[in-house]
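The values are calculated or read from the model by the stated rules, or taken from the named source; none is laboratory data. Bear in mind that the values here come from a model prediction, so they are computed numbers and not experimental data. We place every Cβ from the backbone using ideal geometry, glycine too, and count neighbours over all the protein chains shown. In case anyone asks, the SASA skips ligands and DNA or RNA and just uses the protein heavy atoms, side chains included. Shrake-Rupley method; radii C 1.70, N 1.55, O 1.52, S 1.80 Å.
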Amino acid sequence: MNRIVTFVVGGFIALMLLSSTMFVVDQRRYAIVFALGEVKEVIRTPGLHFKLPPPFQNVLYLDNRIMTIESPDAERFITAEKMNILVDTFVKWRIGRGEDQPKKYFVSFGGDEGRARDRMSQIVKAALNDEITKHTVREVISGQRGQVMEAIRTKVVTEATQIGVEIIDVRLKRVDYVEQINNSVYDRMKAERVRVANELRSTGSADSEKIRADADKQRTVILAEAYRQAESIRGEGDAKASQIYAEAFGKNPEFYKFYRSLEAYRATFKNHGDVMVIDSNSDFFKYFKGSGASAAPAGKK
């Protein structure tokens, strides 16, 4: 019985010792094997691995995936023309895949990812400050943005390699003026738009006056030409009418005299209130008289 208990206890202890010598490396991690507090080996290959039992050897796991650092608030920087701008950045990084990179990372931060993030943020901020102070706002935003980003990335990569970090990418999410400069920029933009609008308005007014003057000129010319043509036509009509009258009345002068007298009567007695005092024997009433009109007493009206 004692032999069985001893065997079971011994088997359990052996199993415990065996399990303490085995460890599994996930594909998303690196494993650092320590021997009495010193780094002995860095394992990158996923799968089952063996080591000495504690306290002779221990294992620490490090995440080897790509991680992101985003600035919580926009950082303020001064450009070459002494203007304050706000810059938002993000960095893609991971533990270096070089032979000694995981070891450098552990030595630098003790495996603490929070410390690594803080250090990376400081490196990026220093690189941004160095480059932005050499360039104008226009160059940072659009003119030479690619060159500025490449210079920043080169500096960050150089610094990060020394602490066991591999930089995948560094980007500027947003570049903006501070509030005071924003207001002045907006005011300048507004003033420029107002100036352009006033210039266009004045140009339009000048063109409008020119068009209106040309239209008035054409109207005057057209009316004058129409009046000239109308007078010419009227003159030709009057001449033609006079010719026709002359031809018609020339055939019978007495009828012409009679017709003209009727027209005179119509014009004279047009209004009922008109009064005339005239000798009834005058030629004006010649055609009012009948066959015995010549014997009418004088002084009749």
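Annotations for the structure displayed:
- For Ala127: the one exception among (1) within 19 Å of Pro102 (Cα to Cα); (2) open to solvent by less than 30 Å² (accessible area, probe 1.4 Å): (1)
- Residue within region 134-142 that is part of a helix (DSSP H, G or I), open to solvent by 70 Å² or more (accessible area, probe 1.4 Å), modelled with pLDDT of 90 or more and closer than 29 Å to Ile66 by Cβ present: no
- Within region 92-120, residues that are part of a helix (DSSP H, G or I) have Cβ atoms under 6 Å from residues that are open to solvent by 70 Å² or more (accessible area, probe 1.4 Å) in these pairs: Phe109/Arg115, counting only partners at least 6 apart in sequence or on another chain.
- Residue within region 163-171 that is within 30 Å of Phe34 (Cα to Cα) and touching a Ser or Thr at 6+ places or on another chain (Cβ under 7 Å) present: yes
- A single member of Asn58, Asn64 is open to solvent by less than 90 Å² (accessible area, probe 1.4 Å) and under 45 Å from the mean Cα position of the chain (by Cα), and it is Asn64.
- Every residue from region 236-255 that is charged (D, E, K, R) and more than 25 Å from Lys286 (Cβ to Cβ): Glu236, Asp238, Lys240
- Which listed residue is β-branched (Val, Ile, Thr) and outside the structural domain of Lys104 (by the TED database), from Val175, Val194, Val157: Val194
- Taking first residues from region 60-77 that are over 30 Å from Val24 (Cβ atoms) and partners that are part of a loop (DSSP other than H, G, I, E, B), the Cβ contacts under 7 Å between residues at least 6 apart in sequence or on separate chains come to Arg76/Val178.
- Looking only at region 39-51, residues that are surrounded by fewer than 15 Cβ atoms within 10 Å (Cβ to Cβ) and in contact (Cβ under 8 Å) with a residue 24 or more places away in the chain come to 3 in all.
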